[in-house]
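Just dropping this structure here.
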Amino acid sequence: MVVASDARRRPKPAASSQAHTWRADAAQVGRAADDASAAPTETPETPAGNGEQDDENHRDHLDRAASISSAEITCHRDMWNFLVKHAVNGDLFRPPGKATEQADGRVSVHASGPTLTAALEALWALQHEAKTALGVQAVARIFSQRIGEALAKAKPADETTRREESAESSQPDFPLTRMVIDDRPLAGATN
C-alpha cells in the first residue's frame, strides 16, 4: 500500500506540463501576430513614406483635381475598367459620356474634376489598405502618379480666359489636361 500512496504524491506526468507550455507559446505567437499586423508593413513595393508629406501631397492632388473642368485619360481598357471598378462607389464619380476606343486596346475618356477626385480617393485607399494585393497597389500607385503628374502641369486660367471660354474642346490653343498610362519602349529600341 505504500506504493499506492507514493503514486498519489508524485507530480503529474510531463505531458500536462508540455500542454501548458504549448498554450503559452501559442498565446505569445498570437500576441506577436497581432502586434505585427498592427504595425505598418514595409516592403520594396510599398515603402513606408513620410505620412504627413504623403497626406499633404494627396490633399494637393485632390484640390487640383477638383479645379479641373475636363481631363482626358488614355489607357488600356482594362486599366480604365480597374479605375471604374474601384472609384464607382465614390460620391463624386460620374461615368463619362463617351469613351473613344483605339485599335490597340486603349481608350480615351473625358473625365470631370469631380470624377478625378473620386478616382484619387479610391486609388489612395487601395494603396493604403494593408489587405490590398501588391499588384492592385501597384496599379493604383501608377494611376495616382500619372494623374498627379498631369495635375501638376495644370495651371489656373486667368480671369479673362475664364470669362471668354465657351468650351475647352472648341479652343485648340487652350490645352486639355491629359493623363496617359501607357509605357512603351522608345522608338527604334529592340526588346
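Under a Cβ-Cβ cut-off of 13 Å, what is the net charge of the residues other than Gln53 that fall near it, where Lys and Arg count +1 and Asp and Glu count -1?
My count for the surroundings of Gln53 gives -4.
For each pair in Lys85/Lys131; Lys131/Lys155; Lys98/Lys131, compute the distance between the two Cα atoms and list the pairs where it is over 28 Å.
Lys131/Lys155; Lys98/Lys131
Bear in mind that the values in this text are calculations on the coordinates, not laboratory data. In this text, all values refer to a predicted model and were calculated from it rather than measured experimentally. Positions of Cβ are generated from backbone atoms using ideal geometry, with glycine treated the same way; all protein chains shown enter the neighbour counts.
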